[in-house]
Amino acid sequence: MAKLHATRLVRDAFRLRDRVRLDLALDLLVPPLSLLAVPVAAGLAAALALASGAATAVFGACAFFLLAYVLRGWMVSGTGARGLLALLCAPAFVVWKLAVLAVRSRSKEWVRTTREDQGASATSA
């Protein structure tokens, strides 16, 4: 989606001074939160292992702000304790998402899934 639409949306946003188009373009360009969290967690772990004060401070601040972002989203969602418990599944989701992305990046060929209505029309034709 980003490859197809982001450049045009940014260009049109500035040309037309349209904040909605700019918001849509930026939404397309920001990677998924899980892809931001993994390098932050890895960097924080490495900084702590190497006992690097400056790196720990930088990665710690990144981790703090990511956590604050997620918690703020939970606060405004209105899901209460149920939503907070659902957030406990986030680490498993991140692992699953990275596995899916790894498999998808190895496979460059897209194979369309046969749909029920397509199968019926193909056999009746």
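For the range 1-56, the ratio of Cα radius of gyration to the globular rule of thumb 2.2 N^0.38 Å stands at 1.71. Accessible surface computed residue by residue for the chain, with neighbouring protein chains in place and a 1.4 Å probe, gives 81 Å² per residue. With a Förster radius of 25 Å applied to the C-beta separation of residue 54 and residue 102, the computed FRET efficiency comes to 0.20. Against the chain, whose longest principal axis is taken from its Cα atoms, helix 53-77 shows a tilt of about 50°.
Need the full-extension length gain, residue 28 to residue 65, defined as separation in residues times 0.36 nm minus the C-alpha distance. One decimal, nm.
On the way: separation 37, 0.36 × 37 = 13.32 nm, distance 2.08 nm.
Additional length available on full extension: 11.2 nm.
Using the Cβ-Cβ distance between residue 92 and residue 11 with R0 = 35 Å, the FRET efficiency computed as 1/(1 + (r/R0)^6) comes to roughly 0.35. For the chain, treating each Cα as an identical point scatterer without solvent, what Debye log10 I(q)/I(0) comes out at q = 0.12, 0.14, 0.15, 0.20 1/Å? Relative scattering, expressed as log10 I(q)/I(0), comes to -0.79, -0.97, -1.04, -1.16. To the nearest ten degrees, helix 7-16 and the longest principal axis of the Cα atoms of the chain are 80 degrees apart.
Given a Förster distance of 25 Å, report the FRET efficiency between residue 19 and residue 72 from their Cβ-Cβ distance, rounded to the nearest 0.05. All intermediate terms of the calculation are to be shown ahead of the outcome.
Working: r = 21 Å, r/R0 = 0.86.
In this case the efficiency is close to 0.70.
The values are calculated or read from the model by the stated rules, or taken from the named source; none is laboratory data. None of the values given here were measured: they were computed from a predicted structure. A quick note on method: Cβ atoms are made from the backbone with ideal geometry, for glycine too, and the neighbour counts reach across all protein chains shown. When the accessible area is computed, the model is the full protein with side chains, heavy atoms only, and any ligands, DNA or RNA have been set aside. Shrake-Rupley method; radii C 1.70, N 1.55, O 1.52, S 1.80 Å.
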